[in-house]
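The values are calculated or read from the model by the stated rules, or taken from the named source; none is laboratory data. Note that the coordinates shown come from a computational prediction; the quantities given were computed from them, not determined experimentally. Cβ placement follows ideal geometry from the backbone for every residue including glycine, while neighbour counts extend to all protein chains displayed. Accessible surface is based on the protein model in full, side chains and every heavy atom, while ligands, DNA and RNA are left aside. Shrake-Rupley method; radii C 1.70, N 1.55, O 1.52, S 1.80 Å.
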Amino acid sequence: MNSQHMTSKGTPPAVPSVATRHDHDPLWRPWTPIRPTDDAALVIEAGEGYRVRDTGGTWYIDALSGALNTILGYGHPALLKALESQVQVLPHFDLSVGRHEPAAELAERLAGLMPGDLNRVFLANSGSEGIEAAIRMALDYWVARGESRQRVISFAAGYHGSTLLAQHLSGLPFTGTWAEPFPVSRVELPLPAAELRTTRAASLLLDAFEAELTAADDVAAVIVEPFINVGGGIVLPRGFLKGLRELCTRHGVFLVIDEVFCGMGRTGRMFGFEHEGITPDIVVLSKGLSGGYVPISAVVATDHVYETFAQERVIGGLRYGHTTSGHALACAAASAVLAIMEEEGIVANANAMGARLLSRCEQQLSGTGVTDVRGIGLITVVQLEAEELAIAVEAGLRARGVVLRRQGDTLMLAPPLIIDEQGVDALVERLEAELRAAAGDAG
Ligand SMILES: Cc1ncc(COP(=O)(O)O)c(C=O)c1O
């Protein structure tokens with residue numbers, strides 16, 4: 001117990017000094033260094049449309065969509081109404097005991113949007129849990145078939161979540177190291193991000209995956225994101241996913257597509273894999289699925305995968321689930337999001353606004369310390385000469401009323417998919433002004 005709280009009966013507790021404030025803060029934030037002073041932390045208290053407001057009353061363009069998930073922005077009336085109606089009727093009921101309408105409706109909707117026989121929808125709460133379920137499906141499938149296949153092939157720069165299993169799939173430096181629960185082959189990117197958009201890059205990448213597929217005889221699945229998010233904001237070359245689909249089919253292994261960030265319109269298509277016209281074996285969705293209003297993820301698998309779990313050897317189906325898997329409130333929110341997306345043409349808006357954002361950045365940011373501008377749909381990545389510059393620009397942009405995501409030397413612009421032309425233009429103007437100011441050229 002904190003001694004200041006214990007002595008606070010008669011006298012109000014003294015405000016902790018800046019130097020010791022972290023000793024008294026009960027909130028342990030994720031992915032955040034614990035510093036003696038946390039003064040720089042934003043305290044966001046409200047949002048409206050594509051903007052958020054801090055406790056000091058300052059409004060910011062939210063160029064990171066909350067946690068890359070508030071795709072419909074803040075305070076969408078139809079989404080609020082769906083949540084209110086559902087919570088009054090039924091918050092949740094255990095899907096391992098029975099069924100409920102919100103989960104059934106969501107599964108129906110998602111299956112209807114997926115290509116081929118991607119018809120079976122499993123629900124969880126976070127992207128990481130969805131990834132765990134997907135990998136469990138892929139590994140248990142081979143157990144059910146009586147084959148010893150446990151290896152997963154991924155990108156070393158891929159990021160699939162922060163549970164231990166999901167971190168194990170990644171080779172990023174901040175992920176944990178421990179004894180392997182199953183073998184993973186992690187493919188390194190053969191070229192820097194700025195050079196990865198050519199046909200040559202596609203064949204280099206495919207050669208690297210083929211080498212791993214050929215080297216091992218125990219591969220169960222390959223998992224990739226259609227756009228590498230945390231690992232550098234990397235746009236993959238055209239033809240890569242298509243080629244990877246062909247390779248997986250040829251080697252008889254599953255292709256798992258991590259659409260946690262890319263899915264739900266972010267790339268200018270409903271799902272990122274649609275750009276290449278492929279049908280994966282398993283797809284994982286999360287972030288935008290409920291518009292960021294309630295945690296949820298979905299794993300969509302083919303009939304073939306599902307039916308294998310009906311066989312005798314896999315008694316009990318998929319031995320995986322959480323107390324709140326398929327939470328009724330979250331399902332109702334997700335169905336509302338899908339309905340709103342259709343009614344309001346959200347994917348088309350993401351495509352149009354994304355094209356505007358990318359081209360404005362390309363045109364307006366040259367000569368400002370920018371080394372590469374790349375993007376897909378409503379994701380624009382601006383890579384700068386140095387990480388220090390990116391840190392300074394991130395801070396300066398906050399003072400100009402923009403919050404965004406910085407990863408190393410890159411700034412990522414991924415505003416809510418409902419953003420309009422005015423919002424996009426304001427975002428680029430502020431970024432340009434800050435970059436020019438940082439370069440010592442305020443004009
Ligand atoms: C591509 C990708 N996969 C998985 C995850 C993990 O999702 P969650 O943070 O909801 O567990 C993330 C989160 O950023 C992600 O970007």
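Result for the chain in a Gaussian network model with C-alpha springs under 10 Å: among Gly291, Gly317, Gly377, the largest mean-square fluctuation is at Gly317. Ranking Gly75, Gln88, Gly47 by how far each Cα lies toward the positive end of the dipole of the chain (charges on Cβ) leaves Gln88 at the top.
Can you tell me what share of the DSSP beta bridges in the chain is antiparallel? A percent to the nearest 5 is fine. Walk me through the numbers on the way to the answer.
Working: 33 of 50 bridges.
Antiparallel bridges make up about 65 percent of those DSSP assigns within the chain.
Counted over all Cα-Cα pairs of region 90-344, pairs farther apart than 27 Å make up 33 percent.
At 1.4 Å probe size, with the rest of the protein present, what percent of the exposed accessible area of the chain is carbon and sulfur atoms? Don't skip to the end; give the middle numbers.
Numbers: 10370 of 19890 Å².
That fraction is 52 percent.
Couplings for region 429-434, taken from phi via the Karplus curve 6.51 cos²θ - 1.76 cosθ + 1.60 with θ = phi - 60°, read 4, 5, 5, 4, 4, 5 Hz in order; Gly and Pro are left as x. The packing ranking of peptides 415-423, 78-86, highest mean first, is 415-423, 78-86, where packing means the average number of other beta carbon atoms within 10 angstrom of each residue.
For Gln407, the residues whose modelled amide H falls within less than 5 Å of its own, excluding neighbours fewer than 5 places apart on the same chain, are Met412.
Normalise the Cα radius of gyration of region 305-443 by 2.2 N^0.38 Å (N = residues in it) and let me know the number. Before the final figure, lay out each step's value.
Details: Rg = 21.1 Å, N = 139, 2.2 N^0.38 = 14.3 Å.
So region 305-443 has a normalised radius of gyration of 1.47.
Which of Trp178, Val370, Gln383 sits farthest toward the positive end of the charge dipole of the chain, with +1 on the Cβ of Lys and Arg and -1 on the Cβ of Asp and Glu? Going by the charge dipole, the pick is Trp178. With springs connecting C-alpha atoms under 10 Å apart, model the chain as a Gaussian network and identify which of Ala298, Ala310, Ala193 has the largest mean-square fluctuation. In the Gaussian network model the winner is Ala310. Springs join every pair of Cα atoms under 10 Å in this Gaussian network model of the chain, and among Ile44, Ile228, Ile34 the largest mean-square fluctuation is at Ile34.
The label-point distance for Thr199 and Ile34, in a model that sets each label 7 Å from Cα toward Cβ, rounds to 5.4 nm. The residues of the chain expose, per residue, 45 Å² of accessible area to a 1.4 Å probe.
What full-extension length gain, to one decimal in nm, is calculated for Ala156 and Thr214 as 0.36 nm per residue of separation minus the Cα-Cα distance? Spell out each step's value before the answer.
Numbers: separation 58, 0.36 × 58 = 20.88 nm, distance 1.80 nm.
Between Ala156 and Thr214, full extension yields an extra 19.1 nm.
Full extension of the segment from Arg53 to Glu246, taken as 0.36 nm per residue of separation minus the current Cα-Cα distance, would add 64.8 nm.
Would you mind giving the average projected area, over all directions, of the Cα convex hull of the chain in nm² with one decimal? Before the final figure, lay out each step's value.
Working: hull surface 97.3 nm².
Hull-based average projected area comes out at 24.3 nm².
Taken along the Cα-to-beta-carbon direction at a fixed 7 Å, the label points for Glu394 and Phe93 span 4.6 nm.
Peptides 264-276, 91-103 ranked from most to least packed, by the mean per-residue count of other Cβ atoms within 10 Å: 264-276, 91-103. Working from Cα pairs under 8 Å separated by at least six residues, relative contact order for the chain is 20 percent. Once the Cα-Cα distance is subtracted from the 0.36 nm per residue extended length, the Thr371 to Gln422 segment shows a gain of 15.8 nm.
The relative contact order of region 90-344, computed from alpha carbon pairs under 8 Å that lie at least 6 residues apart in sequence, is 29 percent.
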